[in-house]
Amino acid sequence: MVIDAPMAAAPAIRAVNGLLVEQRRSCSRWPAYGVYLTGFGGPEQPDGTTTERVEISYLGRTIATLPPDSSGGVYVEVPIVATGPVSVTARSTKGTTATATATATPAVPGLWANSTKEGALTVTGADTTVTGPVHSNGSLSVTGARTTVPAGAEYVTTLTVRGNGHQVTAPRKVTAGSPPAVADIAAYRPGGAAAKAAGSMYRAIPASACKSGTWTARPSDITAGVLYVPCTVTVTGSGRINATIAAEGSVHLAGTDLAIGPDMPGRPAIVSSTKGSAVQLTGASNRILGAIHAVNGQVTIAGARNVIRCGVVADTITVVGAGTRVEVDNKCRA
C-alpha cells in the first residue's frame, strides 16, 4: 500500500484505555496508524492507577512516556511518515520491553468485517454510501444497486460485485489483518474504566430489569452518558439518546427518527460483546452518532435512510436497507 500522508515534525501519541487494539493502518484521508503493545503491569494502587511508566521509541528517538492501561497495554498512535512497516518499541520502568511492527490499517474504518468466512461483508441494499475505508478479512459481496465505497476496498478471500450503478473502484485482495480499535465491554461494566470515567453519568441496568433476557426501552428511559445493559436491549420509539449503549447481549434498534450516541470524537455509540446477532438496525431515518463495535458478532443494517457516523467494526456485517450512509471523517477520531 502506498501512503501519501503528509510529513510530520512530531507524532501525536495517545494511550487509549478500554480498547482492545492490535494494530491500525492509515489511508491518505486518515493519516495515522497505531499499535497496541502488551505485557506490562496493570493497576497496582487502590484507586486503580499504576506507578509504572512505559517509554515509547519511534524512528530512533523517545517520543512519549505513558502509563499502561487496565489491561497492561499501551496504545500508541503516530502519523505515517514513511511507506512500509514502522517499528515502535516500548520499555517499562519495571524492565519489560515490547516491540511491534505496524502496517497500514485505517484508524477509523467505514466497514470492517473481521470474519475470515464467506459472507463476512455483504451489501445487498440500494443506494448505500460509505465514506470510510472498507475491509473484509473474508469475502466482500456488493449486489443490489448503486452502492458507493471509497477506492481500494479490501477483501481477503472472494469479491462479488453484481448489479447496477455501483462505484467500487480498484478493489484490492489483501492478507487478513487485526481489527482497528474496538471498545472492550469490560470497561463498561460496573467498576470498569469507562464506567469510572463517566462518573455520575454512568448507569447500569440491574439484571432484574431484563425480562426473558431483554431490557426494552424508549429514548425517555435512557439518560445521557454511558448505559450498561447486562442482557439484550431493544430500543423503540423516536427521539434523542445522548449516550453510549454497551450491552452484554444484542442491541436491537427498532425505532424511527432515533438519534443515538454521544456524538463525541472517539466515543462509540453502540457496543455489544455477544456472538451471533449482535446489532440490528431495522427502523427508518435513524442516526447513530458514534461507531458500532461488535467484534464478536454480526451487525445487520436494514430499514431505510439510516445514517451511521464513524463506522462499523464487527465479525460480520450485512447491509440490506435502502439509502444507508456510513460516514467517516476526521471528527470521528479522538
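The values are calculated or read from the model by the stated rules, or taken from the named source; none is laboratory data. What you are looking at is a predicted structure, and each value in this text was computed from that prediction instead of being measured. As a convention, Cβ positions derive from the backbone with ideal geometry for all residues, glycine included, and neighbour counts pool all protein chains shown. For accessibility, only protein heavy atoms count, side chains too; no ligands or nucleic acids. Shrake-Rupley method; radii C 1.70, N 1.55, O 1.52, S 1.80 Å.
Per the listing G303, G283, G290, the residue uniquely within 20 Å of T128 (Cβ to Cβ), touching a Pro at 6+ places or on another chain (Cβ under 6 Å) and either at pLDDT below 95 or among the small types (G, A, S) (or both) is G290. As a summary of the residue check, W215 satisfies the conditions (1) at pLDDT 95 or above; (2) open to solvent by 40 Å² or more (accessible area, probe 1.4 Å); (3) not in a helix (DSSP H, G or I) except for the one numbered (2). Here N296 meets the list (1) of a type outside the set (A, V, I, L, M); (2) open to solvent by less than 30 Å² (accessible area, probe 1.4 Å); (3) in a strand (DSSP E or B) almost entirely, failing just condition (2).
Taking the criterion of being of a type in the set (S, T, Y) and in a strand (DSSP E or B), the residues of the range 53-71 that qualify are S57, Y58, T62, T65. On the stretch given as the range 219-270, residues that are surrounded by fewer than 21 Cβ atoms within 10 Å (Cβ to Cβ) and part of a loop (DSSP other than H, G, I, E, B) total 17. Does A170 fit the bill of being of a type outside the set (S, T, Y) and either under 19 Å from the mean Cα position of the chain (by Cα) or within 20 Å of T318 (Cβ to Cβ) (or both)? No; evaluated as a whole, the condition is false for this residue. Candidates T157, T128, T143, T116: the one that is within 27 Å of S273 (Cβ to Cβ), open to solvent by less than 30 Å² (accessible area, probe 1.4 Å) and among the polar types (S, T, N, Q) is T128.
Among the listed residues G255, G276, G266, which satisfies the condition of being over 21 Å from I185 (Cβ atoms) and either modelled with pLDDT under 95 or among the aliphatic types (A, V, I, L, M) (or both)?
Values: G276 fails: over 21 Å from I185 (Cβ atoms); G266 fails: over 21 Å from I185 (Cβ atoms).
Within the list G255, G276, G266, the selection yields G255.
Do the conditions hold for S277, that is, is it touching an Asp or Glu at 6+ places or on another chain (Cβ under 7 Å) and more than 27 Å from G199 (Cβ to Cβ)? So S277 fails the test.
Among the numbered conditions (1) surrounded by 24 or more Cβ atoms within 10 Å (Cβ to Cβ); (2) under 23 Å from H166 (Cβ atoms); (3) free of Cβ contacts under 8 Å to residues at least 60 places away in the same chain, the only one that G311 does not meet is (3). Among the residues of the range 321-331, those that are farther than 15 Å from N286 by Cβ and open to solvent by 10 Å² or more (accessible area, probe 1.4 Å) comprise D329, N330, K331. Among all residues of the range 197-209, there is none that is out of contact with any Asp or Glu (no Cβ under 9 Å at 6 or more places or on another chain), within 30 Å of T129 (Cα to Cα) and of a type outside the set (D, E). Taking the criterion of being within 15 Å of the chain's Cα centre (by Cα) and either crowded, with 24+ Cβ neighbours inside 10 Å or within 16 Å of A120 (Cα to Cα) (or both), the residues of the range 271-288 that qualify are V271, S272, A278, V279, I288.
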